[in-house]
1. Pairs please, first residue from the range 99-116 and touching a residue at least 12 places away in the same chain (Cβ under 8 Å) and at negative phi, second anywhere and surrounded by 21 or more Cβ atoms within 10 Å (Cβ to Cβ) and part of a helix (DSSP H, G or I), Cβ atoms under 8 Å, 6+ apart in sequence or on different chains.
2. Which count do you get for residues in the range 61-96 that are closer than 27 Å to residue 149 by Cα, surrounded by fewer than 16 Cβ atoms within 10 Å (Cβ to Cβ) and more than 13 Å from the chain's Cα centre (by Cα)?
3. For the range 117-148, what are the residues that are exposed (fewer than 13 other Cβ atoms within 10 Å of the Cβ) and closer than 30 Å to residue 58 by Cα?
4. Can you give me the number of residues within the range 81-93 that are under 19 Å from residue 132 (Cβ atoms) and assigned to a loop (DSSP other than H, G, I, E, B)?
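Read-outs: derived from the displayed coordinates by stated rules, not from any lab. Only a predicted model underlies this, so the values are computations on that prediction, with no experimental measurement involved. Heads up, the Cβs are rebuilt from the backbone with ideal geometry, glycines too, and the neighbour counts pull from every protein chain shown.
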């Protein structure tokens, strides 16, 4: 599988080299404040190995990438999760890389990849209330808040309302 890329960023399939970065992000309260509760090292480690295993399967319903700068710096993690009737995306960016346009670029890459891998699908994402930067990004990226999507009471759910430009 070819990883999508932009001039500034590269997505590389998550692998064993990335365990410390992955577990550190999921345990970081600053990163997790907009996502959910921080994970323990064991929970993050277990999830990491499941993500790596899924990346090795050609027909996996879950894909996880490391977000890298053009210079090779680890910036964050991106994921696509295929559900029965939709694809959900997720993006986590290390604090030192936030507010630099990374989320916007990776979101565009994941939407394109969802259409390429899964055809005409509904694309969803969720984040905690109070994450105003993500709320603004959703609004300008052709996502609409959707109260009909089931999620925890402290989360907002969004549905992609655009079409893939290549279809």
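1. Listed by first residue and then by second, the contacts come to 103/134.
2. The total comes to 4.
3. 119, 120
4. Qualifying residue count for the region: 0.
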